[in-house]
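Have a look at the structure below before the remarks.
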Amino acid sequence: MMPPQKQRCIFVILRNGGQISRCDNYSAHGCVGGVEDAIGYGELVDARKFLTREDAQAYIDSELPAWGRRLHHPESVFPWNLACSHAALSAYLRLPDLEIPPALLEPAKGRLLVWRR
């Protein structure tokens, strides 16, 4: 009997106290409605995704506005979290020998985001 294949995960930036299943996943930031460096949230499929927890934390530490850094943390995302919303990425995570195309990790463009500050 062969051992089960290890499934890998990716990471998203989640608002503290937020949930992966809601619109609490970091997507973008910038000036919105006159608010400088507002933080944009979206569905999991819309989120910016990272291959490692360290990459996600480095993004928080260097790219998020200073006021927003303590309000966010990296969160693991597994294939089953993406099965319905992002089937292609879910499939790549189930096959650990395949390299994930960078385009699948990018945040969705042109989606309505919930902007907060």
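Values for this structure:
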{"read-out": "Which numbered condition I13 fails, given (1) in a strand (DSSP E or B); (2) without any contact (Cβ under 8 Å) to a residue 60 or more places away in the chain; (3) touching a helix residue (DSSP H, G or I) at 6+ places or on another chain (Cβ under 8 Å)", "value": "(2)"}
{"read-out": "Some residue of region 27-44 being in a loop (DSSP other than H, G, I, E, B), more than 14 Å from L105 (Cα to Cα) and either in contact with a Cys (Cβ under 6 Å, 6 or more places away or on another chain) or not hydrophobic (A, V, I, L, M, F, W, C) (or both)", "value": "yes"}
{"read-out": "Residue match in region 50-67 (condition: among the charged types (D, E, K, R), touching a residue at least 40 places away in the same chain (Cβ under 8 Å), in a loop (DSSP other than H, G, I, E, B) and closer than 14 Å to E106 by Cβ)", "value": "no"}
{"read-out": "Region 68-97: number of residues that are over 21 Å from Q19 (Cα atoms), surrounded by 18 or more Cβ atoms within 10 Å (Cβ to Cβ) and touching a residue at least 24 places away in the same chain (Cβ under 8 Å)", "value": "0"}
{"read-out": "Residues of region 15-54 that turn out to be under 19 Å from Y92 (Cα atoms), modelled with pLDDT of 90 or more and surrounded by fewer than 19 Cβ atoms within 10 Å (Cβ to Cβ), as a count", "value": "3"}
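The values are calculated or read from the model by the stated rules, or taken from the named source; none is laboratory data. Keep in mind that what you see is a predicted model, and the values were worked out from it rather than measured. No Cβ is skipped: glycine too gets one built from the backbone with ideal geometry, and neighbour counts run over all protein chains shown.
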